[in-house]
Amino acid sequence: MSTSEEWTFPADVDREAVQNALVEWYEADHREFPWRRTEDPYEILVSEVMSQQTQLGRVVEAWESFLDRWPTAAALADADRADVVGFWTSHSLGYNNRAKYLHEAAQQVEAEFDGAFPETPDELQELMGVGPYTANAVASFAFNNGDAVVDTNVKRVLYRAFDVPDDDPTFERVAGGLMPAGESRVWNNAIMELGGVACEKTPSCDAAGCPWREWCHAYQTGDFTAPDVPTQPEFEGSRRQMRGRVVSVLKEYDELALDTLGPRVRVDYSPDGEHGREWLRELVSDLADDGLVELDESDEGLVARLQR
DNA sequence: GTCCCGGCAG
DNA sequence: CTGCCGGGAC
């Protein structure tokens, strides 16, 4: 195990051979995803946002029908927020905030970039919901103009193959240094493919024909430890689950009084109980602060609806 | 239970 | 830097 100070790429390893081996391995065979056949930055951004914390297999259908409904950034920018969030929840795409971010990003492209999609990682990061990973991914896959992406896959691969210390700035430096200049499109696809089908948590080096076996520190030593990924809190019964239910229920109605919404969110809802009106009002109020839900006074008291 | 091509707000 | 954000698949 090495430390992060002065970590340098192993001197006895031929970087160019490492690069070529991976690119050739990728080009010989890889999974076909529809977003790997487009260079439209909007279409790629949609795929990247959907892919965050959601398995790729489940994204394919959602991606196609999302683009069917909102084919361009301009079309999405004109959509109602409620429709975009409603689509998100009905396709079980997770974190509804990401639907809002995507909607906002589309509006930024129209308003701040005059309809011309940004092409550099720095400009892309100005879009809502786009951080370092997504910016480099879109710049790479749409414009072949990105830096090395660093996600949990890439970290795991570098950590195992070259014993890179588990430290974000080091991962970034090493990933950047390993990427062949001007080839971000194929490279970032290839290294993430490696993490996805060969160097998974439980690795399949031989079965997947990993192209780095001859250099791989883990393959040599048999120690396939991976960097720690913070384990997520329990989902069942969580606040996140309840938020999801609120959005999912509101999608089916124009508006709903809190005491009508409550029982559809929790079977044990009772207005004055522990998980009652106060609890629900706070939950919905936070969703309102997030821009996902609206909360209004009416004759029947407080009513909630998806935010337009 | 654990994983999944992160990012935002405080 | 920390807490938080959904939900299906395995």
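Where a number appears in this text, it was derived from the coordinates with a stated rule and is not lab data. Not measured: the values here are computed from a predicted model. Cβ: placed from backbone, ideal geometry, glycine included. Neighbour counts: every protein chain shown.
Rg and Dmax of the range A:34-143, both derived from C-alpha coordinates alone, stand at 12.5, 34 Å. Among A:TRP25, A:TRP212, the ranking by other beta carbons within 10 Å of each residue's beta carbon, starting with the fewest, stands as A:TRP25, A:TRP212. Extension gain for A:GLU6 to A:ALA28 (0.36 nm times residue separation, less C-alpha to C-alpha distance): 4.4 nm. Shown is the FRET efficiency for A:ALA74 and A:GLN53, computed with R0 = 22 Å from the Cβ-Cβ distance and rounded to the nearest 0.05: 0.20.
Helical runs (DSSP H, four residues minimum) scored at -39500 (n - 2.57) apiece and divided by the length of chain A put the mean residue ellipticity at 222 nm at -15500 deg cm²/dmol. Its Cα gyration tensor gives chain A an equivalent ellipsoid. The semi-axes, each the square root of 5 times an eigenvalue, are 42, 23, 16 Å from largest down. What the Cβ-Cβ distance of A:GLU16 and A:ARG240 gives, at R0 = 41 Å and to the nearest 0.05, is a FRET efficiency of 0.35.
The string of couplings for the range A:132-141 from the Karplus curve (6.51, -1.76, 1.60, θ = phi - 60°) is x, 4, 5, 4, 5, 5, 5, 4, 6, 6 Hz, one whole number per residue in order, with x for Gly and Pro. For A:VAL164, the residues 5 or more places off, or on other chains, whose built amide H falls under 5 Å of its own are A:TYR159. Is the C-alpha gyration tensor of the range A:239-306 telling us rounded, prolate or oblate? Criteria: a/c under 1.5 is rounded; beyond that, a/b larger than b/c is prolate, otherwise oblate. It comes out rounded by the Cα gyration axes. When A:ASP80, A:ASP228 are arranged by Cβ crowding within 10 Å, least crowded first, meaning fewest neighbours, the order is A:ASP228, A:ASP80.
Couplings for the range A:48-56, taken from phi via the Karplus curve 6.51 cos²θ - 1.76 cosθ + 1.60 with θ = phi - 60°, read 5, 5, 5, 7, 5, 6, 9, 4, 4 Hz in order; Gly and Pro are left as x.
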